[in-house]
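Below is one structure, written out as structure tokens, with a few remarks after it.
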Amino acid sequence: MTHTIGHFISGKLQADEQRTQDVFNPALGKAVSRVALASVATVDEAITAAQAAFPAWRNTPPLKRSRVMFRFLSLLEAHADEIASLISAEHGKIHHDALGEFRRGLEVIEYACGAPEFLKGEHSKNAGPMIDSWSEFHPLGVVAGITPFNFPAMVPMWMFPMAIACGNTFVLKPSEKDPSAIMRVAELFTEAGLPDGVFNVVNGDKEAVDALLNDSRIQAVSFVGSTPIAEYIYTTASANGKRVQALGGAKNHAIVMPDADIDNAVNALMGAAYGSCGERCMAISVVVAVGNEIADELVAKLTVQLQGLKVGPGTDNSMEMGPLISKEHMAKVAAYIGMADEEGAELVVDGRKLTVTGYEEGYFLGGSLIDKAKPGMKVYEDEIFGPVLCVVRVETMEEAMDLINVHEYGNGTCIFTRDGEAAHYFCDNIQAGMVGVNVPLPVPVAFHSFGGWKRSLFGDLYAYGPDSVRFYTRRKTITQRWPSAGVREGTAYTFPST
Ligand code: NAD
């Protein structure tokens with residue numbers, strides 16, 4: 001183990017050896033570096049840098065801000081492979097999957113390049129007699145982002161490019177489990193011409209997070225992570241008077257209708273359930289089969305595909321699934337798999353039996369398949385966040401939709417069908433924020449916004465896209481009249497109206 005990953009404050013890497021934590025390569029199952037855990041004083045330093053950079057950045061014309069974004073974009077494109085390797089080394093996901101995540105992050109930056117357009121505001125001429133009125137969108141000041149381990153580059157990139165394009169300055173607290181990719185991204189942002197202090201990264205744990213939540217200079221907080229922490233962030237930051245969006249966990253169901261193209265559905269489900277080892281907030285973790293016949297066929301076909309699933313290190317691009325993030329998380333997922341039979345479900349494929357030759361210490365599990373899961377079972381209710389897919393058998397589409405609608409989470413969902421009427425009914429009545437029709441991972445593109453319903457999101461505005469412009473700005477509406485010279489106006493005691 002050689003180096004300690006510090007912080008990025010005011011355009012510079014900053015060492016910090018006071019309190020550290022190991023960072024692991026999950027394929028090897030061993031610590032490869034350490035990450036600094038920021039103290040309150042370090043967080044204060046980052047916020048001070050961001051606060052100092054705000055006045056000049058706020059006054060930088062949006063067109064100039066977007067020129068920095070264009071340069072940033074091309075630098076990131078040029079370093080895509082390097083950053084994907086950093087993601088893969090600490091997270092474990094396969095290199096091609098890491099590149100995929102990174103490219104989705106780049107799309108948000110492409111959208112952020114349009115700052116002059118989305119910050120134009122709204123104008124009404126002749127809003128009243130000789131009165132013009134317009135709304136402007138002002139940046140908030142210093143805003144913070146707190147992000148999870150599972151998308152170490154993409155999720156931070158949902159936040160800071162839009163916040164910064166809107167004229168804010170930013171302090172990011174990424175996951176302490178895989179911080180290297182975003183540290184490299186921060187360096188490249190400076191290389192693109194971003195003034196020092198506009199984007200800062202503090203590594204750390206709860207101490208750093210609480211320092212951000214309790215500092216009155218932080219105007220808004222964007223959080224993505226598990227639901228208990230999302231709720232904590234939402235309640236604490238709101239009580240401290242901050243604007244908050246806190247995106248939480250998920251248990252995403254896919255319905256397979258009897259008329260679905262079953263082979264396409266099985267292929268789609270394999271990628272959506274087992275890609276990135278199931279560690280995606282949009283992963284499909286429950287498939288609801290409508291009718292026993294379709295359920296039997298699905299289970300049989302998924303079983304065959306699972307037997308051929310290629311599991312190995314992220315550096316091998318021919319693999320389909322890598323390791324889990326940590327030994328503890330692997331044990332937690334394995335414990336859920338062990339519960340299936342005890343709870344009365346049927347463990348059809350047991351991923352706990354896998355060993356990857358040459359990587360015996362790695363945090364690997366194979367894909368697992370649990371049939372006959374039911375509401376009330378922990379394997380069905382909880383977010384397992386691993387390569388485990390549950391099958392629930394129902395008789396009707398209404399029954400399938402009721403399951404989704406009463407579940408605690410409402411992030412993503414999907415229906416596989418060839419029936420347009422059923423698909424339309426599903427889209428209209430399902431209680432979830434992101435809905436797919438024959439699309440298993442309906443992650444909105446960068447010019448829409450990302451967010452779930454129910455306990456998958458605390459707050460009002462979604463991540464990236466048009467909602468993020470609203471989240472990272474506040475409106476000022478100006479009403480203006482210039483009376484003609486020499487015209488004397490009378491006093492009016494009636495409330496003005498046109
Ligand atoms: P996590 O909630 O453990 O951690 C997220 C962040 O919160 C990290 O930066 C961590 O350092 C910090 N944190 C952890 N415990 C804290 C505490 N007690 N007080 C203050 N801060 C704390 O989540 P994770 O394990 O890194 O990520 C996986 C979770 O994130 C899953 O539940 C997944 O569904 C969710 N997720 C959701 C979305 C979404 O868009 N809804 C996207 C990605 C991940």
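The values are calculated or read from the model by the stated rules, or taken from the named source; none is laboratory data. What you see is a predicted model, and the numbers here were worked out from it, not measured in a lab. Here the Cβ positions follow ideal geometry from the backbone for every residue, glycine too, while neighbour counts run over all protein chains shown. The protein model used for the area step is the full one, side chains on, heavy atoms only, and it has no ligands, DNA or RNA in it. Shrake-Rupley method; radii C 1.70, N 1.55, O 1.52, S 1.80 Å.
Values as computed for the structure displayed
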| read-out | value |
| --- | --- |
| Residue-level accessible surface for TYR359, protein heavy atoms, 1.4 Å, Å² | 70 |
| Kirkwood-based Rg to Rh ratio, the range 252-437, C-alpha trace | 0.96 |
| Taking all pairs of distinct alpha-carbon atoms in the range 90-249, Kirkwood radius in angstrom | 16.9 |
| Proximal lysines to LYS378, defined as alpha-carbon separation beneath 17 angstrom and excluding residues fewer than eight positions away on the same chain | LYS251, LYS332 |
| Accessible area (Å², 1.4 Å probe, nearest 10) - HIS123 | 120 |
| Accessible area of the chain divided out per residue, in Å², using a probe of 1.4 angstrom | 41 |
| For VAL287, residues with placed amide H under 5 Å, excluding near neighbours | ALA254, CYS390, VAL391, VAL392 |
| Cα-based convex hull volume of the range 196-256 per residue, rounded to whole Å³ | 124 |
| Sparse-neighbourhood loop sites, trypsin sites (Lys or Arg not before Pro) in the range 157-249 - DSSP loop, at most 15 other Cβ within 10 angstrom | ARG217 |
| Considering only the chain, percent of DSSP beta bridges that pair antiparallel, nearest 5 | 40 |
| Trypsin sites (Lys or Arg not before Pro) lying in DSSP loop within the range 363-422, provided at most 15 other Cβ fall within 10 Å | ARG418 |
| Rg(Cα)/(2.2 N^0.38 Å) for the range 278-328, N = residue count | 1.45 |
| Calculated over the chain: convex hull of Cα atoms, volume per residue (Å³) | 169 |
| Under the span-like rule (Cα at least 15 Å along the axis, Kyte-Doolittle mean at least -1.0), DSSP H helices of the chain | 40-58, 62-78, 80-91, 95-112, 154-165, 180-191, 227-239, 262-274, 292-307, 327-342 |
| Restraint check, LYS125/LYS242; LYS30/LYS372; LYS30/LYS454; LYS177/LYS353, Cα-Cα greater than 28 Å | LYS125/LYS242; LYS30/LYS372; LYS30/LYS454 |
| Solvent accessible area, Å² - SER74, 1.4 Å probe, full protein context | 60 |
| Pairwise label distance in nanometres, SER484 with ARG58, each label 7 Å out on the Cα-Cβ vector | 3.9 |
| Spin-label zone in the range 79-103 - amide nitrogen under 17 Å from a point set 7 Å from the Cα of LYS310 along the C-beta vector | 93-100 |
| Where the Cα pairs of the range 378-498 fall when distances are cut into 5 Å bins, in % | 2, 8, 13, 17, 14, 9, 7, 5, 5, 4, 4, 4, 4, 2, 2, 1, 0 |
